[in-house]
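Report on the structure given below.
The values are calculated or read from the model by the stated rules, or taken from the named source; none is laboratory data. All values reported here derive from a predicted model rather than from experimental measurement. Because the Cβ atoms are built from the backbone with ideal geometry, glycine has one as well, and the counts that use them run over all protein chains shown. What goes into the accessible areas is simple: the full protein's heavy atoms, side chains included, and nothing from ligands, DNA or RNA. Shrake-Rupley method; radii C 1.70, N 1.55, O 1.52, S 1.80 Å.
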Amino acid sequence: MIRFSDVHKSYRVDGRDIPALQPFDLAIESGEVFGIIGHSGAGKSTLIRLINLLERPSGGRIAIDGVEMTTLDEPALRVQRRRIGMIFQHFNLLASQTVADNVAFPLRLAGERDAGTIRARVDELLARVGLAAHADKYPSQLSGGQKQRVGIARALANRPSILLCDEATSALDPQTTASVLDLLAEINRELKLTIVLITHEMDVVRRVCDRVAVLDAGIIVESGAVADVFLHPQHPTTRRFVNEALPEEAATEQAPFARVPGRILRLSFRGEATWTPTLSRVMRETGVDFNILAGRIDRIKALPYGQLTLAMEGAGVDRALAALRAAGIEIEEIAA
Amino acid sequence: MSAPVLQTLFPHIDDWAEIGRACVDTLLMLGGSLALTVVIGLPLGVLLYLTGKGQLREMPKLYGVLSLLVNVLRSIPFIILMIVLMPVTYALVGTKLGIRGAIPPLVIGAAPFFARLVETSLREVQQGVIEASQAMGASVWQIVRHVLLPEARGGLIASTTVTAIALVGYTAMGGAIGAGGLGDLAYRYGYLSYQSDYMLVTVVLLVVLVQLLQMLGDRIVSRYNRR
């Protein structure tokens, strides 16, 4: 568990303190994938660097599994850092070393001297990230996705309990992004590793995260389970992120269906409800007429969900809504 | 080329072996001073880098002092530095003349220059790679040894080449005040005695030496560059 208590951070520029993160509390549970989303300059790189103390907080406490990080001296901090892997937007591999030596680097830093042990561990890690055939290449010979896989293998070398991902897919094309995210999800599942990732793409959060915090100008404006935040965004910044992921939603926000008769409602289905014909059953039983204005069916991590914007007319609308709610469908009224 | 032809082309040169000895002297001065320059300049350059603004061991006062020292030594023309340093040279090696007498001023003149080049090369190393190493729990010494120096290898070799070539120039200047070598020949025979054939031969030899150093340096750089 990573626990921030009343942590804040400001930078001193030209003799003035410029706040980067307003005081906040945050707890990240062991084994979860926690996303921090924000625009550039929102403070998310600072926040993720507070975890391994690449950035020191201006105040407050940061504890990892009960170990108070800010009180550690330098050698103790180095030992703790070996338990926290980190991958980067620009990979940050050693250009002068082969793939195998890049992955072996953290092992050597931790004092491992035995060449056989190192070789075996490197082979195992490269096999896990699907780069077994590339051990003797240099980073410049690899594609971006392959470089990030080397970064992941390197980050896992010392069997960390936490993996920090600093915009890990922002420099990759969509297809490569998907495969790297799949790999991260697999690592999280199989190694029971806590993953903290920062991103400016809601799609990244939707694919892999369990919980998310939305950061805006140094303030955590919203946080919670991804499905809740994604389906019912509260803060304007969050809505903007969600709309980027769902282009058709934007229409709902900006142009209310003024000319559409009836009540405009947004229905959200989660999990099994997505696959059952609840809507058609309720409509038939209550004799309500409906029209689909916008909709989407997709997944949030493993959870299937659907979101439909409907116009409903007829005497039985209230009865229909009650029946839908009883079936576990969430309903928001956009316009009466 | 037979002896009469050489005699026609170079009427004043009667002892080619002397030119050979001068070459060897120049190479010895160069080799000795370059080795010591690297031994002193490399750590100094690393120290300049580490204590610089925003770096791993930022120490503005120490950096200020080192930087000033380097700038002062670099701004004194070598021939004047050599004269100023004569008492120091005598105290260090027991003579102000010959190869041994030349090496202390050569090193004191070249090491600050090399250190500055080292500092610049290290600054070329991506900040992100250093940050990644810190995140992996590397100590400053481990970062210097395993990240900075290997990653900057190409730049460091190129810096060594530039320094070696500067030292060739310094040794020739040193020749004028008793260091021996090719510069000494050029100065005594070529300049003071108006024997332009001596001047020509020494200049050609110096040009060839510089060319060889540059080629060797470039070849090593391309061998190690992985970018």
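Summary of computed values
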{"read-out": "Alpha-carbon Rg with Dmax, taken over chain B, Å", "value": "20.9, 72"}
{"read-out": "Dipole axis of the protein assembly as shown (+1 Lys, Arg; -1 Asp, Glu on Cβ), positive-most option in A:VAL212, B:MET59, A:CYS165", "value": "B:MET59"}
{"read-out": "Nitroxide proxy distance, nm - points 7 Å out along Cα→Cβ at A:ASP17 and B:HIS12", "value": "7.6"}
{"read-out": "Charge dipole (debye, nearest 20) of the range A:255-335; +1 at Cβ of Lys and Arg, -1 at Cβ of Asp and Glu", "value": "200"}
{"read-out": "Bridge type composition, the protein assembly as shown - antiparallel percent by DSSP, nearest 5", "value": "70"}
{"read-out": "Cut-off under 5 Å, modelled amide H: who pairs with A:ALA20 long-range", "value": "A:LYS9, A:SER10, A:TYR11"}
{"read-out": "At least 24 Å along the helix axis (C-alpha) and Kyte average at least -1.0, DSSP helices within chain A", "value": "A:174-191"}
{"read-out": "Sites A:ASP173 and B:ARG57 - FRET efficiency at Förster radius 35 Å, r taken between beta-carbons, to 0.05", "value": "0.35"}
{"read-out": "Centre separation in Å (Cα based) which lies between the range B:18-79 and the range A:21-93", "value": "40"}
{"read-out": "P(r) of the range A:271-336 over all Cα-Cα pairs, binned every 5 Å from zero, in whole percent", "value": "3, 16, 28, 28, 16, 6, 2, 0"}
{"read-out": "At least 40 Å² of accessible area lost relative to the chain alone, listed for the range B:192-227 with a 1.4 Å probe", "value": "B:ARG226"}
{"read-out": "Accessible area (Å², per residue) of the range A:255-335, counting only protein heavy atoms and a probe of 1.4 Å", "value": "52"}
{"read-out": "Cα gyration tensor shape of the range A:75-151, rounded if a/c is under 1.5, else prolate or oblate by comparing a/b with b/c", "value": "oblate"}
{"read-out": "Antiparallel %, DSSP beta bridges [both residues in the range A:2-244], to 5", "value": "50"}
{"read-out": "Heavy-atom accessible area ranking, 1.4 Å probe, most first, across A:CYS209, B:CYS23", "value": "B:CYS23, A:CYS209"}
{"read-out": "Two-decimal ratio, the range B:86-176, of alpha-carbon radius of gyration to 2.2 N^0.38 Å", "value": "1.46"}
{"read-out": "Cα-projected label distance for A:ILE292 with A:GLU112, points at 7 Å along beta-carbon direction, nm", "value": "5.2"}
{"read-out": "Relative frequency of Cα-Cα separations exceeding 21 Å in the range B:146-214, percent", "value": "38"}
{"read-out": "Helical mean residue ellipticity (222 nm; -39500 (n - 2.57) per DSSP H run of 4+; nearest 500) of chain B", "value": "-24500 deg cm²/dmol"}
{"read-out": "Buried area at the A-B interface (accessible, heavy atoms, 1.4 Å probe, summed, Å²)", "value": "1900"}
{"read-out": "Accessible area of the range A:110-181 belonging to carbon and sulfur atoms, whole % at 1.4 Å probe", "value": "47"}
{"read-out": "Whole-percent carbon and sulfur share, accessible surface of the range B:31-84, 1.4 Å", "value": "77"}
{"read-out": "Rg followed by Dmax, in Å, when the protein assembly as shown is reduced to its Cα trace", "value": "34.5, 124"}
{"read-out": "Long-range HN-HN contacts of A:ASP216 with modeled amide H, under 5 Å", "value": "A:VAL221"}
{"read-out": "Per residue, the convex hull volume that the Cα atoms of the range A:32-136 enclose (Å³)", "value": "158"}
{"read-out": "Set of lysines near A:LYS137 by C-alpha distance (under 24 Å), chain-local residues within fewer than 8 positions excluded", "value": "A:LYS147"}
{"read-out": "Kirkwood Rh (inverse of mean 1/r, distinct Cα pairs), the range A:2-244, angstrom", "value": "18.6"}
